[in-house]
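Undergrad: Let me give you the structure first, and then I'll get to my questions.
The values are calculated or read from the model by the stated rules, or taken from the named source; none is laboratory data. Everything numeric here is computed off the predicted structure, so don't read it as measured data. Glycine also receives a Cβ, built like all others from the backbone with ideal geometry; neighbour counts cover every protein chain displayed.
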Amino acid sequence: MGTLVMSAQSEAVCSNPACEAAYEHVRHGRPFPIAFPAIARALRRGHVVVIDPVMSDQELLAAQNDVKALLRQGDGAFAVNANDDSSVRLDSVAWVTGEEAGTGPGLKHAVALLKGLAHEFSRTPEYSKSVLFVQSAAQLACYAGDGQAFYAPHLDASTESIWTMGLNAWLRARAYRERTITAILYLNDKDWDADLSGGCLRCYLPSALAQGGMHDKPNGLGEVPATTTSGSRRISQDRRKPKAQVYELCGDHGITALPVSIESDRVKSDDKVGGSLGVMSRDVAPRGGRLVLFDSGAVLHEVLPSYKKGGQRIALTVWVSDRQSRKFVQNK
Ligand SMILES: O=C(O)CCC(=O)C(=O)O
Ligand SMILES: [Fe+2]
């Protein structure tokens, strides 16, 4: 599972059966591949890629109805993340493989779409040396609209070396070390209004990493400093190539790589200086059908509280992981 194979076209593809089956499921009827090389390049440079939308209105509605059914079940499908400190995050989470008997076809489709990304990205030159795979379950996170639920600034991947973490902590953090691409699909209303309802995903500049002091506590694994050597390296890469990349595809399908780099002429109204870190950040509204991609180890991010009356903020997340990250010394 998860090994690289060469196809007839000499492309490296992910042979993880879960990714491949998921990819086959969503391949038909999608007007464009998500993981085309320009997107992979943008991710490698530490950009945040936003794709609007990746599903049809019907697919979104079906997924929303399936989530509502799960929420109504009240049999413990969702649980406040037990391993996490409530000072770090206050969402409720359900883990969905898409294979559960009770999972409706809309949610199944959404999970398959995300799982298929491992297969897609493994076909791009940028990830050709990676051995990409996804965990069997996607994280379905529900943030109450009461202005309380949040997720403090964090990195999704542990980028510390065995030498700084110590052997035991390093071994326990394997799943976090392997994460390479964060893929978040929002299942909210398409017209989510961030001015009214908040709930944005706030992405910080790579330079936020260099400031240090921010800590993630991924599922109780202990404090993982967000300051990394890879972070510093990415900053200087971004300074050399600060150009924003904007892609327009297939009519409605606008693909935007948000520049997560300081450049005064790029500062638009949705750029913010401030947030809890006091550095430049970009806010991304959690609009239904929107897919957000970024490098799990490079982009510091947080979820702002939402104020959606009588509603929740729903995000489905898969981390595309790389088995090559098992090496002992990271990012040296
Ligand atoms: O829901 C979001 O926008 C991001 C959630 C997140 O950062 C996470 O679950 O790690
Ligand atoms: Fe995250």
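Undergrad: Quick one: which residue in G198, G145 is modelled with pLDDT of 90 or more, within 15 Å of ligand 1 (Cβ to nearest atom) and in contact with a helix residue (DSSP H, G or I) (Cβ under 8 Å, 6 or more places away or on another chain)?
TA: G145
Undergrad: Right, something else. D189 passes all but one of (1) under 22 Å from I314 (Cα atoms); (2) touching a Gly at 6+ places or on another chain (Cβ under 7 Å); (3) of a type outside the set (K, R); (4) within 16 Å of ligand 2 (Cβ to nearest atom); which number fails?
TA: That leaves (4) as the condition not met.
Undergrad: Take the range 148-193 and flag every residue that is among the acidic types (D, E) and out of contact with any helix residue (DSSP H, G or I) (no Cβ under 7 Å at 6 or more places or on another chain).
TA: D156, E160, D189, D191, D193, listed by residue number.
Undergrad: Out of all the residues in the range 310-320, which are assigned to a strand (DSSP E or B) and closer than 21 Å to A149 by Cα?
TA: Those that are assigned to a strand (DSSP E or B) and closer than 21 Å to A149 by Cα: Q312, R313, I314, A315, L316, T317, V318.
Undergrad: Restricting the range 133-157 to residues that are among the small types (G, A, S) and over 25 Å from Y307 (Cβ atoms), which is farthest from ligand 2 (Cβ to nearest atom)?
TA: For the range 133-157, the residue satisfying everything is S136.
Undergrad: Looking at the range 289-309 only, could you name the residues that are away from ligand 2 (no atom under 11 Å from the Cβ), buried (at least 23 other Cβ atoms within 10 Å of the Cβ) and not in a loop (DSSP other than H, G, I, E, B)?
TA: Answer for the range 289-309, where residues must be away from ligand 2 (no atom under 11 Å from the Cβ), buried (at least 23 other Cβ atoms within 10 Å of the Cβ) and not in a loop (DSSP other than H, G, I, E, B): L293, D295, S306.
Undergrad: For the range 73-112, name all the residues that are assigned to a helix (DSSP H, G or I) and either at positive phi or modelled with pLDDT under 90 (or both).
TA: Q73
Undergrad: Output the number of residues of the range 118-142 satisfying the condition of being more than 28 Å from D193 (Cα to Cα) and within 16 Å of ligand 1 (Cβ to nearest atom).
TA: Residues in the range 118-142 being more than 28 Å from D193 (Cα to Cα) and within 16 Å of ligand 1 (Cβ to nearest atom): 3 in total.
Undergrad: Away from ligand 2 (no atom under 16 Å from the Cβ), assigned to a strand (DSSP E or B) and either touching a Cys at 6+ places or on another chain (Cβ under 6 Å) or polar (S, T, N, Q) (or both) - does that describe any residue in the range 113-132?
TA: yes
Undergrad: Okay, next question. Quick one: N168 ticks every box in (1) of a type outside the set (A, V, I, L, M, F, W, C); (2) within 16 Å of ligand 1 (Cβ to nearest atom); (3) over 24 Å from C203 (Cα atoms) except a single one, so which number is it?
TA: (2)
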